[in-house]
Amino acid sequence: MKTKTDNSLVRINATLLLLAALFLVAWKLPLSGFLQDIVLMSLPTHMFAETFSIVISILIFALVFSSHKEDYRWNPIVLACSFLAIGLLDFAHTISYGGMPAWVTPGSPDKSIYFWLVARYIAALALFVTAIQIWKKSTWALNRYWWLFISLAVTAIAYWIGLYHLDLFPRTFIEGQGLTNFKVGAEYGLIAILLVPAYLFYKQAKSTSSFDVQGLYAATVITILSELCFTLYANVTGLFILLGHIYKVIAYIYLFRAIFLFVVRDPYEKLYQSQEYNRTLFETATIGLAVAKQDGTLLDINQAYADIIGYDIEEVKKLTYWQITPHEYISQEQLQLESLERNKSYGPYEKEYVHKDGHRVPVRLSGRMIEQNDEQFIWSSVEDITLETASEQARNESEQHLRQLAEHIREVFWLKDVKTNAIKYISPAYETIWGKTCESLYANPSTLLEAIHADDIERVKTSINLQTQGPYDEEYRIIRPDGSVRWVRDQSYPIYDNTGTAYRVAGIVEDVTDEKFAQDLLEQRVLDRTQDLHDKEVELISAKEEAERANLAKSQFLSKMSHELRTPLNAILGFSQLLSMDSELNVEQKESVNEIHHGGKHLLELINEVLDLAKIEAGNYEIESGRVDVHTVLNECLSLSTPMLKQYHINASINSDSSVALFANADITRLKQVFLNLISNACKYNHPDGSLNITVNTTETNRIRITFKDTGIGISTENITKIFEPFNRLSAEYSSIEGTGIGLTITKQLIESMGGTIDCNSKLGEGSVFWIEIPVYEAPETSGNYTSQRKIEAPNTTDTPASVKAQHSILYIEDNPANLKLVKKIIKQHPEFIFLSAITPEEGIKLALSIQPDLILLDINLPGMNGYEVMEHLLQHDKTKDIMVIAVTANAMTKEIERGMDIGFRDYITKPINVENFITTIQKHLGQD
Ligand code: ADP
């Protein structure tokens with residue numbers, strides 16, 4: 001824009017410079033004086049130039065005056081009316097020219113110049129005024145007719161003076177002299193005036209292009225040049241007067257152009273642009289726009305409108321809106337038309353259009369009545385609200401879902417405004433639970449609190465005050481209008497706005513009366529049940545105590561039984577042994593005595609095993625598992641079984657890599673018992689010269705498996721399932737093989753109590769395989785080899801006094817005469833021992849204090865004071881505290897033996913007495929072995 005302005009200004013300046021140069025050339029030309037005298041400006045030329053100016057002046061007037069609107073800027077009308085006066089005055093000037101016919105008064109240069117000067121001054125002032133406030137909107141309340149009047153009045157006055165009172169005006173031209181000073185001065189005055197608008201126009205021309213100020217600038221400058229010419233002429237027909245008129249004509253052309261552009265072309269262009277702009281707005285609007293006749297014919301529509309209904313613009317123009325309106329909307333449409341009639345506008349309202357492809361398009365319409373050329377049209381805007389409708393539909397649906405949910409479940413939904421405490425929503429279940437209408441609550445929210453039970457209200461109020469701070473959960477009672485009480489559970493949650501302030505509280509209330517009753521019932525049941533359980537527990541405790549008592553009784557019974565059975569057996573076995581040593585007995589008698597001894601031994605074995613089984617079944621035994629070297633124990637057992645192996649002529653072998661120690665986690669005593677039993681069975685149920693092969697290995701499950709394979713009689717398939725049944729000897733009872741039928745039962749129990757298993761496989765006549773599996777010892781290895789778990793150990797012989805007497809006194813404290821007699825007989829056979837006895841504990845203690853024997857054999861089951869108490873007495877006295885005491889007891893229970901060893905017995909001998917062992921033990925302790 002700037003460039004365009006600059007370019008045209010440059011062009012104008014160039015033109016002006018050219019014209020100025022022309023003037024300078026004409027002025028300074030050596031020929032100028034000569035040219036002055038030649039008639040260059042003939043009358044017709046002058047006539048033509050002036051007529052041209054007059055026509056342009058009148059055109060300027062006519063153009064501006066006719067197009068002027070009163071609210072428009074005032075400068076153009078001032079300029080236009082000035083040019084009317086100028087045109088009229090120029091006419092007077094032309095007609096007063098020398099050579100023209102007389103007009104009221106004869107023509108003369110003075111007369112002609114007078115009109116000229118007046119016209120020029122008006123022109124200069126008009127430009128001056130225009131330049132000072134270029135095209136600004138008028139604040140003066142003068143309309144164009146006033147300006148016309150002023151201009152005509154000024155012209156009339158000028159005419160009057162020029163025609164009738166020219167003498168009032170100074171001389172301007174003197175024939176033969178040329179221009180007067182006044183005339184020249186007046187021209188300079190004009191130039192001085194014109195310099196102001198020239199400068200102002202130039203300034204504005206540089207900064208604006210809104211109006212052709214450049215044209216005015218050029219016109220003003222050229223007018224100055226023209227005036228300069230008029231200061232120079234000396235002859236009205238000379239060069240300068242011609243040049244002056246030419247400049248004047250050029251100035252008028254510029255002026256006319258400027259006025260024309262402003263009054264005609266610019267507004268027209270603006271109008272055109274604005275029309276274009278409006279059209280573009282119309283056509284490119286994203287909202288559908290339509291102009292329709294009242295009969296429904298669509299006259300003009302935009303693309304958006306056509307798009308809504310799926311037609312081309314041209315197709316739509318052939319339609320009426322009735323054709324695209326579904327039938328059911330016709331009455332609604334009529335109402336809108338009525339509104340249009342009444343209010344000149346309608347809508348907004350929603351309806352549907354029928355799309356070209358037949359589907360319905362929801363639309364929102366509004367519009368107004370417009371008038372053009374006395375005809376009325378409907379101007380409508382149409383929005384496609386498909387999406388809006390769909391989302392509204394979705395919203396409605398979801399609202400409906402929520403409402404259905406809220407209104408059809410047992411619980412009450414509520415929504416409260418925090419500020420006003422007003423209930424915003426309460427679901428109908430309220431009416432069922434509270435027995436009041438929802439409306440009553442909306443009207444008076446405080447009734448909610450009023451219904452709360454007096455005992456709960458304070459608690460609930462305190463909680464309600466904290467509702468906005470977080471979740472709230474309260475159970476309370478409400479009293480319904482009919483006086484009935486219901487329990488409710490009320491839970492609520494605050495709802496926060498964008499600033500994080502709780503502005504609503506939403507809650508849910510459920511009637512928990514039934515649950516409450518159920519809970520009470522449950523609690524009562526729990527209480528009852530707890531009481532029952534307590535009673536049961538008491539019963540159980542007493543049952544347990546009873547069982548413990550029974551267990552104790554059983555233990556005591558076993559202990560007693562063991563003692564009672566062993567005591568007579570002691571006599572049988574002891575005396576039969578003594579008898580068998582008697583050399584006076586004949587062979588037959590010896591055999592009988594051996595039978596007695598044999599039977600007694602069997603009975604003892606039977607008693608031992610029955611007691612063992614009874615103890616196991618009563619759980620009255622302890623397993624002390626530890627690290628046991630299987631090879632060592634096996635070898636020990638084999639060597640212990642040597643007499644038996646020899647007796648049955650059995651060749652036993654161990655098949656295992658004995659260099660690798662295998663440690664089992666087992667109770668060594670019990671494991672020995674198991675091994676001995678299996679070895680014993682492999683001997684008993686074998687053929688003479690049969691074999692026993694023992695293999696030791698580890699299984700994949702990290703257990704140690706010991707297999708006892710014999711070549712014996714074997715077991716039938718039928719019997720093998722019964723092998724571990726107690727007292728079931730599988731027909732062996734009919735053979736000469738001795739046994740009780742409970743060895744394997746005990747073995748199985750022991751193995752299992754050590755975490756192991758036992759099983760067997762056999763074929764009748766071919767032999768049997770028994771195997772046991774026991775856990776591997778996994779604790780970190782301790783230094784040294786296996787240590788026996790057995791606590792009862794043989795007394796150390798180094799305890800024996802160093803000086804051994806030739807004869808040793810032995811005191812036997814025993815209340816049972818048979819036993820006393822037996823022991824006396826045994827000891828008497830050894831002359832190195834002096835035998836002393838006491839049948840009561842007191843007597844025994846007394847005797848011990850007085851004679852201080854070397855060894856005391858002490859029975860445990862003594863009347864009045866048992867062996868342990870006697871021991872304590874002996875230990876209390878200096879004289880007796882160092883005497884060796886060996887317990888002689890039928891109490892073969894391990895626990896009791898341990899107890900005895902703990903309080904200081906040197907050793908123990910169990911009844912029935914094995915004569916050989918008995919003597920060996922005594923000799924060992926007295927240093928005689
Ligand atoms: P018993 O005291 O009779 O030996 P066990 O409980 O040790 O009692 O054995 C039960 C029965 O199983 C035996 O009477 C015998 O019939 C059978 N039995 C045990 N071991 C073997 C074996 N190695 N070979 C064949 N039969 C056996």
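The values are calculated or read from the model by the stated rules, or taken from the named source; none is laboratory data. The shown structure was predicted, so the numbers you read here are calculated from the model rather than taken from an experiment. All Cβ positions, even for glycine, are placed from backbone atoms using ideal geometry, and neighbour counts span all protein chains on display. Note: accessible area is taken over every heavy atom of the protein model, side chains too, but ligands, DNA and RNA are not part of it. Shrake-Rupley method; radii C 1.70, N 1.55, O 1.52, S 1.80 Å.
Any residue at all in the stretch 529-537 that's assigned to a helix (DSSP H, G or I), in contact (Cβ under 8 Å) with a residue 12 or more places away in the chain and either in contact with a Leu (Cβ under 7 Å, 6 or more places away or on another chain) or surrounded by fewer than 16 Cβ atoms within 10 Å (Cβ to Cβ) (or both)? Quick ask: steps written out before the conclusion?
Narrowing the stretch 529-537 to residues assigned to a helix (DSSP H, G or I): 529-537.
Then keep just the ones that are in contact (Cβ under 8 Å) with a residue 12 or more places away in the chain; that gives none.
So far as the stretch 529-537 goes, no, none of its residues is assigned to a helix (DSSP H, G or I), in contact (Cβ under 8 Å) with a residue 12 or more places away in the chain and either in contact with a Leu (Cβ under 7 Å, 6 or more places away or on another chain) or surrounded by fewer than 16 Cβ atoms within 10 Å (Cβ to Cβ) (or both).
Identification of helices (runs of 4 or more DSSP H) wholly contained in the stretch 1-118 with 3 or more residues that are within 19 Å of Val263 (Cβ to Cβ) and at pLDDT 85 or above yields 43-67, 75-95. For the stretch 591-610, what are the residues that are surrounded by 16 or more Cβ atoms within 10 Å (Cβ to Cβ) and away from the ligand (no atom under 15 Å from the Cβ)? If the condition is that a residue be surrounded by 16 or more Cβ atoms within 10 Å (Cβ to Cβ) and away from the ligand (no atom under 15 Å from the Cβ), then Val593, Ile596, His597, Gly600 are the ones that fit. With respect to the conditions (1) open to solvent by less than 70 Å² (accessible area, probe 1.4 Å); (2) modelled with pLDDT of 90 or more; (3) assigned to a helix (DSSP H, G or I), Leu281 falls short on a single one, namely (1). What tally of residues in the stretch 351-384 results from selecting those that are open to solvent by 20 Å² or more (accessible area, probe 1.4 Å), assigned to a strand (DSSP E or B), without any contact (Cβ under 8 Å) to a residue 60 or more places away in the chain and under 20 Å from Gln303 (Cβ atoms)? Residues flagged as open to solvent by 20 Å² or more (accessible area, probe 1.4 Å), assigned to a strand (DSSP E or B), without any contact (Cβ under 8 Å) to a residue 60 or more places away in the chain and under 20 Å from Gln303 (Cβ atoms) within the stretch 351-384 amount to 4.
When the stretch 712-748 is examined, which residues are found to be assigned to a loop (DSSP other than H, G, I, E, B) and in contact (Cβ under 8 Å) with a residue 60 or more places away in the chain? Explain how you work it out, then say what you get.
Going residue by residue through the stretch 712-748, those that are assigned to a loop (DSSP other than H, G, I, E, B) are 712-716, 721-731, 735-742.
Those that are assigned to a loop (DSSP other than H, G, I, E, B) and in contact (Cβ under 8 Å) with a residue 60 or more places away in the chain: Pro726, Glu738, Thr740, Ile742.
The number of residues in the stretch 385-439 being in a helix (DSSP H, G or I), hydrophobic (A, V, I, L, M, F, W, C) and open to solvent by less than 70 Å² (accessible area, probe 1.4 Å) comes to 7.
Please go through the stretch 755-770 and pick out each residue that is within 12 Å of the ligand (Cβ to nearest atom) and crowded, with 19+ Cβ neighbours inside 10 Å. Working first, answer last.
Of the residues in the stretch 755-770, the ones within 12 Å of the ligand (Cβ to nearest atom) are 758, 760-770.
Hits for the stretch 755-770 are Ile758, Ser762, Gly767, Ser768, Phe770.
Scanning the stretch 574-621 for residues that are in a helix (DSSP H, G or I), touching a Ser or Thr at 6+ places or on another chain (Cβ under 8 Å) and polar (S, T, N, Q) yields a single hit, Asn594.
Quick test for you: out of Leu168, Leu117, pick the one residue that is farther than 20 Å from Phe61 by Cβ and open to solvent by 30 Å² or more (accessible area, probe 1.4 Å). Steps first, answer last, please.
Working: Leu117 fails: open to solvent by 30 Å² or more (accessible area, probe 1.4 Å).
Answer to the selection: Leu168.
What are the residues in the stretch 306-324 that are assigned to a loop (DSSP other than H, G, I, E, B), of a type in the set (A, V, I, L, M, F, W, C) and open to solvent by 20 Å² or more (accessible area, probe 1.4 Å), if any? Within the stretch 306-324, Leu319, Trp322 qualify.
Report, by residue number, each residue of the stretch 265-298 that is touching a helix residue (DSSP H, G or I) at 6+ places or on another chain (Cβ under 7 Å) and either of a type in the set (Gly, Ala, Ser) or closer than 19 Å to Ile56 by Cβ (or both). Ala285, Gly288, Ala290 - these are the residues of the stretch 265-298 that are touching a helix residue (DSSP H, G or I) at 6+ places or on another chain (Cβ under 7 Å) and either of a type in the set (Gly, Ala, Ser) or closer than 19 Å to Ile56 by Cβ (or both). Restricting attention to the stretch 470-495, the residues being farther than 14 Å from Lys416 by Cβ and under 23 Å from the mean Cα position of the chain (by Cα) number 2.
Looking at the stretch 249-263, is at least one residue open to solvent by 80 Å² or more (accessible area, probe 1.4 Å), among the aromatic types (Phe, Trp, Tyr), in a helix (DSSP H, G or I) and more than 16 Å from Leu19 (Cα to Cα)?
Checked the stretch 249-263: no residue is open to solvent by 80 Å² or more (accessible area, probe 1.4 Å), among the aromatic types (Phe, Trp, Tyr), in a helix (DSSP H, G or I) and more than 16 Å from Leu19 (Cα to Cα).
It is to be established whether one or more residues within the stretch 715-727 are within 7 Å of the ligand (Cβ to nearest atom) and in contact with a Cys (Cβ under 8 Å, 6 or more places away or on another chain). Checked against the condition, which is being within 7 Å of the ligand (Cβ to nearest atom) and in contact with a Cys (Cβ under 8 Å, 6 or more places away or on another chain), the stretch 715-727 yields at least one hit.
Scanning the stretch 617-655 for residues that are in contact with a strand residue (DSSP E or B) (Cβ under 9 Å, 6 or more places away or on another chain), closer than 30 Å to Glu548 by Cα, open to solvent by 20 Å² or more (accessible area, probe 1.4 Å) and not hydroxyl-bearing (Ser, Thr, Tyr) returns a single hit, Ile623. If you go through the stretch 698-711 one residue at a time, how many are at pLDDT 90 or above, open to solvent by 40 Å² or more (accessible area, probe 1.4 Å) and assigned to a strand (DSSP E or B)? Of the residues in the stretch 698-711, 3 are at pLDDT 90 or above, open to solvent by 40 Å² or more (accessible area, probe 1.4 Å) and assigned to a strand (DSSP E or B). Of the residues Phe128, Phe182, only one is open to solvent by 30 Å² or more (accessible area, probe 1.4 Å), part of a helix (DSSP H, G or I) and over 26 Å from Ile95 (Cα atoms); which? The match here is Phe128.
Which ones in the stretch 428-463 are acidic (Asp, Glu) and closer than 17 Å to Gly507 by Cβ? Walk me through it before giving the result.
Step one: list which residues in the stretch 428-463 are acidic (Asp, Glu), which gives 431, 439, 450, 455-456, 458.
Of everything in the stretch 428-463, those that are acidic (Asp, Glu) and closer than 17 Å to Gly507 by Cβ turn out to be Glu431, Asp456.
Of the listed requirements (1) within 30 Å of Asn665 (Cα to Cα); (2) modelled with pLDDT of 85 or more, Tyr812 misses just one: (1).
Is at least one residue of the stretch 287-305 open to solvent by less than 20 Å² (accessible area, probe 1.4 Å), farther than 30 Å from Lys69 by Cβ and part of a helix (DSSP H, G or I)? Yes; the residues of the stretch 287-305 include at least one that is open to solvent by less than 20 Å² (accessible area, probe 1.4 Å), farther than 30 Å from Lys69 by Cβ and part of a helix (DSSP H, G or I). Could you look through the stretch 734-754, keep only residues that are more than 21 Å from Gly690 (Cα to Cα) and open to solvent by 40 Å² or more (accessible area, probe 1.4 Å), and pick out the one that is farthest from the ligand (Cβ to nearest atom)? Across the stretch 734-754, the extreme among qualifying residues is Ser753.
Once the stretch 361-385 is narrowed to residues that are of a type in the set (S, T, N, Q) and at pLDDT below 90, the residue that is nearest to Thr325 (Cα to Cα) is Gln372.
Could you say whether any residue in the stretch 502-520 is modelled with pLDDT of 90 or more and more than 21 Å from Phe413 (Cα to Cα)? Looking for residues that are modelled with pLDDT of 90 or more and more than 21 Å from Phe413 (Cα to Cα), one finds none in the stretch 502-520, hence no. Of all residue pairs spaced 6 or more apart or on separate chains, those with beta-carbon atoms under 7 Å, a first member in the stretch 113-134 that is closer than 22 Å to Ile174 by Cα and a second member that is open to solvent by 30 Å² or more (accessible area, probe 1.4 Å) are Tyr114/Leu166; Tyr114/Phe169.
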